[in-house]
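Participant: There's a structure below that I have some questions on.
The values are calculated or read from the model by the stated rules, or taken from the named source; none is laboratory data. Nothing here was measured: the structure is a model prediction, and the numbers come from that model. Positions of Cβ are backbone-derived with ideal geometry, glycine not excepted, and every protein chain shown enters the neighbour counts.
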Amino acid sequence: MKKNVYSLVLMEDVVAQIDQLAYQMNTSRSNLINQILAEYVSYTTPEKRMRQVFDQTIRMLTDSGAFQLLMQPSDSTLAFRSALAYKYNPTVRYSVELYRRQEAAAGELKVTLRSQNNSLILYFLQFFKLWSQMEHLYAEGAAFQLESGRYIRLLRLPDGVGSEQLGEIIADYIQALDDCMKLFFHYLDQPQLAAQKMEARYRQYRLAGTPVI
């Protein structure tokens, strides 16, 4: 969405209050003023839309108790971490980036393993190979890439979905992924059973009627 530079004459005290609030909200002065003016004229900015999506995602994932919300690096990015039951207590980071212009895709999800343990990284890759197979089977057209210690998934935008519902869909996907990963590590010594448990959880997620993202 195009932006232009405008010259405004404002009171110093007002600007000081705006700057303080912008700092607390981890945003810029210009962005905050833009949001305030948009609210006044009842216009939904991309930032407001993303905030609505993230508020619902945060509500659902933090209620589960399995995720810890991390400091939000920007208006368009949200991050959580979840612990794995494995030696040295490694954590997995889930980072959601929403696109300002949402057309076919809403954004992308990056899943990163916070560990330098080579064996753990190998297990992480093995898990995502199984997860990718299920995605191909149950979520036709899913676009993703797998790197060393990181999985990147394009988040498609289902037709007719509003901001809050999109937040729910993203949260449901992350929850299912995290549950499957924990099942994989719980049955690490029984790979066939791990794959069965994962598929059962993934099927449960798909049968709930959640739109494919």
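Participant: Which of the residues spanning region 10-50 are over 14 Å from Ser74 (Cβ atoms), assigned to a loop (DSSP other than H, G, I, E, B) and either charged (D, E, K, R) or at pLDDT 80 or above (or both)?
Facilitator: Residues satisfying the conditions are Leu10, Met11.
Participant: Which residues, counting only those in region 80-107, are hydrophobic (A, V, I, L, M, F, W, C) and buried (at least 18 other Cβ atoms within 10 Å of the Cβ)?
Facilitator: Phe80, Leu84, Val92, Val96, Leu98, Ala106
Participant: Turning to a different aspect of this structure: Which residue is modelled with the lowest pLDDT, if the candidates are limited to region 148-181 and must be of a type in the set (S, T, N, Q) and part of a helix (DSSP H, G or I)?
Facilitator: Checked region 148-181; the qualifying residue modelled with the lowest pLDDT is Ser163.
Participant: If you don't mind, another one. Kindly check whether there is at least one residue in region 116-130 that is out of contact with any His (no Cβ under 8 Å at 6 or more places or on another chain), outside any helix (DSSP H, G or I) and assigned by TED's automatic domain parsing to the domain that holds Ile174.
Facilitator: yes
Participant: Which one of these is crowded, with 21+ Cβ neighbours inside 10 Å and not β-branched (Val, Ile, Thr): Leu130, Leu120, Leu166?
Facilitator: Only one candidate qualifies: Leu166.
Participant: Given the residues Lys197, Lys182, which is the only one that is among the basic types (Lys, Arg), more than 20 Å from the chain's Cα centre (by Cα) and surrounded by 14 or more Cβ atoms within 10 Å (Cβ to Cβ)?
Facilitator: Lys197
Participant: Return yes or no: is Ala66 under 16 Å from Tyr173 (Cβ atoms) and in a strand (DSSP E or B)?
Facilitator: no
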